[in-house]
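Okay, structure first, notes after.
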Amino acid sequence: MRKNVIYLLAQQLWKDAFRSKVMVVASILMLFLLVFSAYSGWENYHDQNVTRGAVQEEVQDSWENNPDKHPHRMSHYGSFAFRIKHVLSVFDLGMENFVGNAVFLEAHKQNTVNFSEASMSTGLLRFGEVSLAMLLKVIVPLLIFYLGFATIAQERENGTLKLLIGQGISRKEIVFGKWLGLWSLSLIFLFAVFIVLLFFVVIELHEGLNNGSLARYAVLLVSYLLFFAILSAITITVSAFSKTAKGALVKLLGIWLLFVIIVPKSLQAMGYYLYPTPSKIEMETAVEHDLSKIGDSHDPNDPHFKAIKDSVLLANKVADVNDLPFNYGGFIMAQGEALSSKVYLKHQNDLYHVYNKQNNVERYSAFVNPYTAIKNLSMGFSGTDFKSFLHFKAKAETYRFKLAQSMNKLQMDYIPNKGKEGPTKLSSKFWKDFPPFEYKTLSTATVFKNELTSILALLLWTILAFFGLSKLSTNLKAI
């Protein structure tokens, strides 16, 4: 293939595109949407993080400024954990508005994460919000299909394709020249979005908030470069195999509907049908049933915990809990906390296993739908996917368990048993010594591991796209 011929054909496609009023109108519309989505995304990210950070500090101040208390009362006083947004959530909102951002942490109980944006918004939110990723995932593919549907089909209708071949231009040069022109056109919109996004990432780097932002940014950029290359190859292929330009346009619009709307929505519904999840009341009933089996650590006559008491007394060679060298109440609360946490985690993990099966129904469709691959990669590396939410919830639960057990340990070590001399309250300095909750997002390596299926699917689509263009170039019909 002659590179100069390929570049010349690509330049011709650019000239034809910019002669059309559609390209001008599309560029103006995209500019407006780019400014709007960038501004609204940054405002939402910045305001939410400032608010959540401020409230987290207030929660910590409230915890530290508690007066002298019994440590068990402090474990029930509890704390809050707030989920801080990743800077790349400016790019792709993902599930950000539909999952909670704060959870109350208290002893003996795992609470749900609350205060999602969707729960406090109108029903219009379910139609989605305009984001930078939405422009690249939904609108630009439609523009690629529209700008490229006539690239070969119309030239065949006009007889231009036969003339080009007659002048000594090979079919492979025509195919790859058209593809390069269409792909490079799409990069105008891609780079416009990513230049704006880079500005936001650099701001956060300047403020010391890294979280692997640059590495994630680079992966997103490469992923969208490949995605647009795949879409451009599909467009050229459909145009080449269509008898008329009108027929090519209809086929490409059908492909867009399948890729973006029909297949994802259908598979989501299928996943729920194949792997149904229990209702909230069913889940809570099952948890309470299992908790009742392990007994109540607050009840001194509970048979399960009575057996623990007998074994402790035997091990320490005393006849009464008041004669133990540690506070028995703190010890039994710690045992109860460990047992109840296992029950909660078991049911939680069972539920997440079902969610994972539901999500995998669509996730593996990335091998037949490149939109699924880019959607999962976009959310994953923007920190707005479901696994990022689960990571926050796991970190919050770890902190809650550590807090409860620390208070139980303080009771064991410093509060005397009944009838013994000693304090019934502890100094507030102990509350100040307990570290505040700090959340760090998933590492880039972990996100790579989580999104391996989507990465492999996108790479496979890229290989198939170029293989398809090569095969097309040998079978391209001039008339």
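Points worth noting:
- Residues of the stretch 6-31 that are in contact with a Ser or Thr (Cβ under 8 Å, 6 or more places away or on another chain) and either free of Cβ contacts under 8 Å to residues at least 12 places away in the same chain or closer than 20 Å to residue 168 by Cβ (or both): 10, 13.
- Index of the failed condition, residue 182 passing every other in (1) crowded, with 16+ Cβ neighbours inside 10 Å; (2) free of Cβ contacts under 8 Å to residues at least 40 places away in the same chain; (3) of a type in the set (A, V, I, L, M, F, W, C): (2)
- Residue within the stretch 321-337 that is touching a residue at least 60 places away in the same chain (Cβ under 8 Å), under 30 Å from residue 280 (Cβ atoms) and of a type in the set (Val, Ile, Thr) present: no
- Any hit, the stretch 183-205, residues being farther than 30 Å from residue 156 by Cα and acidic (Asp, Glu): yes
- With respect to the stated conditions, residue 209 fails to be at negative phi, surrounded by fewer than 14 Cβ atoms within 10 Å (Cβ to Cβ) and either modelled with pLDDT under 85 or not in a helix (DSSP H, G or I) (or both).
- Residue pairs whose Cβ atoms lie under 6 Å apart, sitting 6 or more positions apart in sequence or on different chains, and linking a residue in the stretch 364-384 that is more than 16 Å from residue 141 (Cα to Cα) and among the polar types (S, T, N, Q) to a partner that is open to solvent by less than 20 Å² (accessible area, probe 1.4 Å) and in a helix (DSSP H, G or I), are 365/372; 376/454; 382/88; 382/89; 384/89.
- Of all residues in the stretch 247-260, one or more are assigned to a helix (DSSP H, G or I), open to solvent by 70 Å² or more (accessible area, probe 1.4 Å) and within 25 Å of residue 359 (Cβ to Cβ).
- Subset of the stretch 417-435 [closer than 18 Å to residue 60 by Cα, touching a helix residue (DSSP H, G or I) at 6+ places or on another chain (Cβ under 7 Å) and either among the β-branched types (Val, Ile, Thr) or open to solvent by 50 Å² or more (accessible area, probe 1.4 Å) (or both)]: 432
- Number of residues in the stretch 274-317 that are open to solvent by less than 60 Å² (accessible area, probe 1.4 Å), among the β-branched types (Val, Ile, Thr) and assigned to a helix (DSSP H, G or I): the value is 4.
- Number of residues in the stretch 374-388 that are of a type in the set (Phe, Trp, Tyr) and buried (at least 21 other Cβ atoms within 10 Å of the Cβ) equals 1.
- Of the residues making up the stretch 464-478, those that are open to solvent by 50 Å² or more (accessible area, probe 1.4 Å), part of a helix (DSSP H, G or I) and of a type outside the set (S, T, N, Q) number 4.
- Restricting attention to the stretch 67-87, the residues being closer than 14 Å to residue 99 by Cβ and open to solvent by 40 Å² or more (accessible area, probe 1.4 Å) number 1.
- Selection count where residues are in contact with a helix residue (DSSP H, G or I) (Cβ under 6 Å, 6 or more places away or on another chain) and either open to solvent by 30 Å² or more (accessible area, probe 1.4 Å) or aliphatic (A, V, I, L, M) (or both), scope the stretch 213-243: 13
- When 371, 414, 399 are checked against the criterion of being farther than 30 Å from residue 320 by Cβ, in contact with a Pro (Cβ under 8 Å, 6 or more places away or on another chain) and buried (at least 16 other Cβ atoms within 10 Å of the Cβ), a single residue qualifies: 371.
- All positions within the stretch 270-329 that are among the acidic types (Asp, Glu) and over 33 Å from the mean Cα position of the chain (by Cα): 296, 299, 302, 310, 320, 323
- Of the residues making up the stretch 407-452, those that are within 30 Å of residue 54 (Cβ to Cβ) and not in a loop (DSSP other than H, G, I, E, B) are 407, 410, 426, 429, 430, 431, 432, 433, 444, 446, 447.
- Considering (1) assigned to a helix (DSSP H, G or I); (2) modelled with pLDDT of 90 or more; (3) open to solvent by 50 Å² or more (accessible area, probe 1.4 Å), the lone condition that residue 37 does not fulfil carries the number (3).
- Filter pass, residue 455 being open to solvent by 80 Å² or more (accessible area, probe 1.4 Å) and part of a helix (DSSP H, G or I): no
- Residue list for the stretch 58-99, restricted to those being part of a helix (DSSP H, G or I) and either among the basic types (Lys, Arg) or free of Cβ contacts under 8 Å to residues at least 12 places away in the same chain (or both): 58, 61, 62, 73
The values are calculated or read from the model by the stated rules, or taken from the named source; none is laboratory data. Keep in mind that what you see is a predicted model, and the values were worked out from it rather than measured. Don't worry about glycine lacking a Cβ; one is built from the backbone with ideal geometry, like all the others, and counts go over all protein chains shown. Side chains included, ligands, DNA and RNA excluded: accessible areas come from the protein's heavy atoms. Shrake-Rupley method; radii C 1.70, N 1.55, O 1.52, S 1.80 Å.
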